[in-house]
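Shown next, in structure tokens, is the structure this report addresses.
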Amino acid sequence: MRPTLADATRGRILFGGDWNPEQWPEETWHEDVRLMREAGVTLATVGVFSWASVEPRPGARDFRTLDTVLGLLDDAGIGACLATPTASPPPWLGARHPETLPRDEHGAVVWYGSRNHFCPSSPTYREHALRITQDIAHRYGSHPALRLWHINNEYGTACWCDTTAAHFRTWLQARHGTLDALNEAWGTAFWSQRYDDWAEILPPRRAQYLPNPAHVLDFKRFTSDALLECFTAERDAVTAASPRVPVTTNLMPLFPGIDGWRWAAEEDVVSVDLYPDPAAGPDDPAGAAHGALVQDLTRSQARGPWALMEQAASAVSWRPVNKPKPPGLTRLWSLQAVARGADTLCFFQWRQSRQGAEKFHSAMLPHSGPRSRVHREIRALGAELPALDAVVGTTVPARVAVLHDWPSWWAAEQPGRPSDQVSYPAVLAAWHHALWRRNLTCDLAHPEADLTPYDLLVVPQLYLLGDAALDSLAARVHAGATLVCGFLTGVADPDDRVRDGGTDARLRRILGLAAVHEWWPLAPGETVTLDDGTTGSLWSEDIEPAAPAGATTAAAYATGPLAGHPAITRHRHGAGTAWYVSTLPEPTALADLLSRAAAAAGVEPPLPAVPPGVEAVGRGPLLFLLNHTAAPVEVPLPTPYTDVLTGRHHTTAIPLPPNGVAALRP
Ligand code: GAL
């Protein structure tokens, strides 16, 4: 049995952040650890960018810093999340072995001098990365401070070099078997692209005009897998030294560069870095909505508790304008993560850097020191987290699944499509936001996952759907589930080959549609009115319900070239119901539609009446209420509850200040 996050948390929510002592003189380390203790820190991530300090020249080893800081952490009773330093190779590696450096689509070298400058396919990079990982694992595998292994950092570098080309060909041979099969899968008859020899195949480099979309799709799959090989090699090395210590790598939130489902399956602990934009503003909770989406996705990838590996204590330094988080927002968004399944809350970073590219990025301990507002808020958060230990290891029950997949995203966003205005993550976010604002807690699910736990299946957009996914969807709806399906779904197979009829025949049968005849995408700012008075944007479609027993029209287009045609349809399929939504409804209309479908499927929010902007989500024994608005609110309670954060008892209602949070126990 692999270890899990529970082996690291040991029943407590872990709290802490990245600590980069390499950047500081040793006296500072002692002060750091003292202040960490005072702030309630229980986990420090160390070593992420330590390669040049541990291996200052090829083959040398200098463990003095890591020895000392791990010892200091252990003496202070603080756990270590020990990173392999392989995200940022030292300059000597690139200088001596330029073949370890990635090349972009144009063939230009991506030089050292920043970070993440490695070609994932380079045997030389892999060899050096593995060697230092093994040595670190050997030295610290049984260190008493060690709680969690952190491999690399935010994997995502792609490369188009010749070594990558050779590796890509091997990958393609495993996927397609023969060159004939590859030519068929890629549709290389188009534009005379037929390959006569494996050696002719390249990564999709800069070309004269549009590349072959199936080629690009396979390259994205390959890049994710190549990086995953780097991860699993290091994971296996640390596991060999410490089989009971769980392993993670910090994923980027809803990141297009790697297939998050495949990666999560290889991790003991799924962790994510999350930086919602505080400038979204207190009256526009887009930051909180983005957080909720990433948190639901991460929990679903983890199939249970997960770790928030990085968040900002206040401002970041990489947006055009970097606003600080106003008072209370760090607490609100941190507790939102706990409510949505996080058992670990960490920040980037503990002490704000004085030099380097991120010196203006906030930290738990800012330049202005421990008396700063930011640090005081960090301390207050650290002090109150133990009140929430009752949720550690528990789940967030959800009867709604939002289906999501990376290859579908990759295939849908290529050039040469009906509208470049359709952004997969934006459509996904719009649908998730609609569920979130009605407090309909959802998981995200791979289209081929077991869907039996879910009564409401939501497909914002899955352009590419394989046979297994279509069959499973059909079976689940036939057995009684409700499906709400958005446009541009089921259009292509896993090789991006278009299926007949506008969308797959099995999907049309579920939806009660004869055909999707023609897409009528909408221009930026253009809307179309439906006959129920609501509007849609982004997209519209000429769809034909099947006759005689096909879908009924729930709403028709009232304006535009499709006036009079169905826009939203509904169909009984076996014991279930399937809705089709051929436009992007305005936010309230989409939320209304999903609430209606949920209610019909017997799915209700955790509290019947919650003021707008208040998030309500149940986790384990607690019901969390989070006020994302700038105004105080009062939330009516059907039964009495005690707020474990304050110890106060509330019988009929609970007041919440702006950014206020309650964690209620019946
Ligand atoms: C993350 C990264 C950290 C730091 C942080 C700044 O993406 O893992 O090392 O750069 O962003 O927001």
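Pop out the ³J(HN,Hα) list for region 636-653 in order, Karplus 6.51 cos²θ - 1.76 cosθ + 1.60 with θ = phi - 60°, rounded to Hz; leave Gly and Pro as x.
The phi angles translate into x, 10, x, 9, x, 9, 10, 7, 5, 7, 10, x, 7, 9, 10, 9, 10, 7 Hz.
As I understand it, the dipole of region 400-600 uses +1 on the Cβ of Lys and Arg and -1 on the Cβ of Asp and Glu, about the Cα centre. Which of LEU465, ALA598, PRO447 lies farthest toward its positive end?
Highest projection toward the positive end goes to ALA598.
Cα atoms only, region 400-600: Rg and Dmax in Å?
15.2, 41
Please order GLU526, GLU200 by the number of other Cβ within 10 Å, starting at the fewest.
GLU200, GLU526
Between the alpha-carbon centers of region 1-71 and region 597-666, tell me the distance in whole angstrom.
37
Run lengths n ≥ 4 of DSSP H only: what is the helix-derived mean residue ellipticity at 222 nm for the chain, with -39500 (n - 2.57) per run over all residues, to the nearest 500?
The helix contribution divided over the chain gives -9500 deg cm²/dmol.
Taking θ as phi - 60°, what are the ³J(HN,Hα) couplings along region 237-247 by the Karplus curve (6.51, -1.76, 1.60), each to the nearest whole Hz, with x for Gly and Pro?
Computed from phi, the couplings for region 237-247 are 5, 6, 5, 4, 8, 8, x, 9, 9, x, 10 Hz.
Dipole magnitude of region 400-600 about its Cα centre, charges +1 at Lys/Arg Cβ and -1 at Asp/Glu Cβ only, in debye to the nearest 20?
Dipole magnitude for region 400-600 comes out near 520 debye.
What's the ranking of 542-552, 493-503, 75-85 by average number of surrounding C-beta atoms within 10 Å, highest first?
75-85, 493-503, 542-552
What percent do you get for the relative contact order of region 354-500 when only Cα pairs under 8 Å and 6+ apart count?
It comes to 23 percent, rounded to a whole number.
Of the listed peptides 361-367, 167-173, what is their order by residue-averaged count of other C-beta atoms within 10 Å, with the highest listed first?
Most protected by this proxy first, the peptides run 361-367, 167-173.
Mind checking the dipole of the chain: about its Cα centre, +1 per Lys or Arg Cβ, -1 per Asp or Glu Cβ, Debye to the nearest 20?
1460
May I ask which residue of LEU365, TRP306, GLY393 lies farthest towards the positive end of the charge dipole of region 282-409, with charges of +1 (Lys, Arg) and -1 (Asp, Glu) on Cβ and the Cα centre as origin?
The Cα lying farthest towards the positive end belongs to LEU365.
Quick one: work out the % antiparallel among DSSP beta bridges in the chain, nearest 5.
Looking only at bridges with both residues in the chain, the antiparallel portion is about 50 percent.
Simple spin-label model, 7 Å along Cα-to-Cβ: ALA280 to ALA514 in nm?
4.3
Could you list which residues have their amide H under 5 Å from that of VAL484, counting only those 5 or more apart in sequence or on another chain, with H placed in the peptide plane?
LEU457, VAL458, VAL459, TRP579
Which whole-number percent gives the relative contact order of region 614-665, counting Cα pairs below 8 Å spaced six or more residues apart?
Once normalised by length, the contact order is 41 percent.
Out of residues 5 or more away from HIS573 or on other chains, whose amide H comes under 5 Å of its own, with H placed 1.01 Å from N in the peptide plane?
Here the answer is ALA578, since their amide H atoms fall under 5 Å of that of HIS573.
First measure r as the distance between the Cβ atoms of HIS478 and ALA165, then evaluate 1/(1 + (r/R0)^6) with R0 = 41 Å and state the FRET efficiency to the nearest 0.05.
The pair HIS478/ALA165 has a calculated efficiency of 0.35.
Could you work out the relative contact order of the chain? I mean the mean sequence separation of Cα pairs under 8 Å and 6+ apart, divided by the number of residues, in percent.
In percent, rounded to a whole number, it is 11.
Determine the gain in length on full extension of the stretch HIS649-ARG319; use 0.36 nm per residue of separation and subtract their C-alpha separation, reporting nm with one decimal.
That works out to 114.6 nm of additional length.
Could you give the dipole magnitude of region 443-516 about its Cα centre, charging the beta-carbon of Lys and Arg +1 and that of Asp and Glu -1, in debye to the nearest 20?
320
What are the ³J(HN,Hα) values, in whole Hz, obtained from phi via the Karplus relation 6.51 cos²θ - 1.76 cosθ + 1.60 with θ = phi - 60°, for each residue of region 220-232 in sequence order, with x given for Gly and Pro?
3J(HN,Hα) across region 220-232, in whole Hz: 5, 4, 4, 4, 4, 5, 5, 5, 5, 4, 4, 4, 5.
Within region 106-125, find all residues whose amide N lies under 14 Å from a label point positioned 7 Å from the Cα of ARG96 along Cα-to-beta-carbon.
124-125, by backbone N distance to the label point.
Mind ordering 617-625, 4-12, 405-413 by average Cβ neighbours within 10 Å, highest first?
Order by mean packing, descending: 405-413, 617-625, 4-12.
Can you list residues whose amide H is under 5 Å from LEU584's amide H, if they're 5+ apart or on another chain and H is modeled 1.01 Å from N?
Here the answer is SER537, TRP539, since their amide H atoms fall under 5 Å of that of LEU584.
Among all cysteines in the chain, which have no other cysteine Cβ under 4.7 Å from their own Cβ?
Cysteines lacking a close Cβ partner in the chain: CYS81, CYS161, CYS230, CYS346, CYS442, CYS485.
Sort GLU38, GLU310 so the one with the fewest other Cβ atoms within 10 Å of its own Cβ comes first.
Ascending number of Cβ neighbours within 10 Å: GLU38, GLU310.
With a 10 Å Cβ neighbour count serving as the proxy for reagent exposure, in which order, fewest first, do VAL491, VAL392 appear?
Least crowded to most crowded, the residues run VAL392, VAL491.
Bear in mind that the values in this text are calculations on the coordinates, not laboratory data. Just so you know, these numbers come straight off a predicted model, no measurement behind them. We place every Cβ from the backbone using ideal geometry, glycine too, and count neighbours over all the protein chains shown.
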